[in-house]
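We did not get these values from a lab; they are worked out from the coordinates using the rules stated. Computed from a prediction, not measured in an experiment: that's the story for all the values here. Note: ideal-geometry Cβ built from the backbone for every residue, glycine included; neighbour counts use all protein chains shown.
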Amino acid sequence: MIAQNFEYSAPTNLKEALKLLDAGEAKALAGGMSLIPLMKLRLATPEQVVDLGRIPDLNYIRQDKDVIRIGATTTHYEVESSALLRASCPLLAEAASNIGDIQVRNRGTIGGSVAHADPAADYPASLLALEARVILASAKSEREMPIAAFFVDTFTTALEPGELVRELIVPVQDKSEGSSYQKVAQPASGFAIVGIAARIRKSGGKVSFARVGVTGLAGKPYRAANVEKAVEGTAGSASDFQKAAAVVAEGVEANSDLHASANYRKHLASVYTLRALTIASSRTA
Ligand SMILES: Cc1cc2nc3c(=O)[nH]c(=O)nc-3n(C[C@H](O)[C@H](O)[C@H](O)COP(=O)(O)OP(=O)(O)OC[C@H]3O[C@@H](n4cnc5c(N)ncnc54)[C@H](O)[C@@H]3O)c2cc1C
């Protein structure tokens, strides 16, 4: 399949890119892992494609006090292999290492992935469990929001026309904290049929803090606040985690497709929540 004709530009700074995106029917191109197939299938027919790949200001991972700032065009491989993230935000590095295959991780970017908002994408579970924030930039202004507000629905985000994801902000994880991302991968693509991210902290023999993010199960990723509440204050025993994991899909309208029915996805969600909680707990200091 051949894409419809389009204008291509490759600006070398953010200001120029935002100006181009502000004018007309333009689409940002990052890794192209999702956009190019959509264009070839003519499901996306932008008149102008603005390549973000030559803007050095969008590619970085750096610590800023107690947070880590990640530029939008940072690739999945760069997230996976970053010494800073592995040491200080291992949950995100673990999620990145689970994406597709090495070719996809070498090209695909964190900004492109969140902007695309595929309900089976891996990052959202970890970003929600990390209570990440996202910075959106346009030619006129810039705004920051919690990642939970950014994911609106299936393939739908809070991005306005002309706006770009500029940066993701994740916390430096507490040294005593354990975390884990566990997924059931669709065998051909690697996309998450269900993916669960968990963070656990313990104090005085009890779970003092729990965060759980879920991807793949529903139309949009979500934080399982009911699981967190069920875990916090317990001793974190196998049966505590089992009881908590059992409620992860409560009240959720689960996706159903040729890979997994809604009921099977809900079952997988409980099993993988239990796994993620157990492994996160075993990694606490
Ligand atoms: C074979 C295959 C297997 C895959 N497996 C997985 C998997 O297991 N898990 C997983 O999570 N993902 C998987 N993916 C998707 C992959 O992670 C993509 O990298 C990601 O969805 C899109 O990122 P990209 O950088 O390629 O964006 P692009 O394809 O370039 O863009 C995607 C969309 O986001 C927009 N966009 C891009 N950057 C920005 C920005 N900074 N601000 C605003 N809008 C922007 C584009 O305009 C477009 O609409 C797979 C993809 C393929 C092809």
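Numerical summary
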{"item": "Selection of GluC sites (Glu not before Pro), region 220-285, meeting DSSP coil and at most 14 other Cβ within 10 Å", "result": "GLU250, GLU253"}
{"item": "Relative contact order [Cα under 8 Å, 6+ residues apart], region 142-285, whole percent", "result": "26"}
{"item": "Förster radius 30 Å - calculated FRET efficiency between ASP101 and GLU144, Cβ distance, rounded to 0.05", "result": "0.35"}
{"item": "Region 1-55-region 181-260 distance, computed between alpha-carbon centres (Å)", "result": "35"}
{"item": "Gyration tensor (alpha-carbon) shape descriptor, region 159-285, a/c threshold 1.5", "result": "oblate"}
{"item": "Dimensions in Å of the chain - Rg and Dmax from alpha carbons", "result": "19.0, 63"}
{"item": "Of VAL67, VAL214, VAL170, the one that fluctuates the most in a GNM where the chain has Cα springs shorter than 10 Å", "result": "VAL67"}
{"item": "Where trypsin sites (Lys or Arg not before Pro) fall in DSSP loop in region 63-149, at most 14 other Cβ within 10 Å", "result": "LYS65, LYS140"}
{"item": "Leading residue at positive end of dipole, the chain (Cβ point charges), from TYR123, GLY204, SER34", "result": "GLY204"}
{"item": "Residue exposure sequence - SER82, SER208 - by fewest surrounding Cβ within 10 Å", "result": "SER208, SER82"}
{"item": "Assigned charges on the beta-carbon of Lys, Arg, Asp, Glu; the chain dipole about Cα centre (debye)", "result": "740"}
{"item": "Projected label distance in nm at LEU258 and ALA158, using a 7 Å step from Cα toward the beta-carbon", "result": "3.6"}
{"item": "Relative exposure of SER282, SER179, SER88, judged by other C-beta atoms within 10 Å (fewest first)", "result": "SER282, SER88, SER179"}
{"item": "Reach of LYS243 by Cα under 23 Å, taken over lysines that are not fewer than 8 positions away in the same chain", "result": "LYS183, LYS202, LYS206, LYS229, LYS266"}
{"item": "Gained length - GLU47 relative to TYR8, 0.36 nm times residue gap less alpha-carbon distance", "result": "13.2 nm"}
{"item": "Qualifying GluC sites (Glu not before Pro) in region 1-62, DSSP loop, other Cβ atoms within 10 Å at most 15", "result": "GLU25, GLU47"}
{"item": "22 Å Cα-Cα reach of LYS27 towards lysines, excluding residues that sit fewer than 8 places from it in its own chain", "result": "LYS15, LYS19, LYS40, LYS140"}
{"item": "Burial ordering of MET145, MET1, fewest other beta-carbon atoms within 10 Å first", "result": "MET1, MET145"}
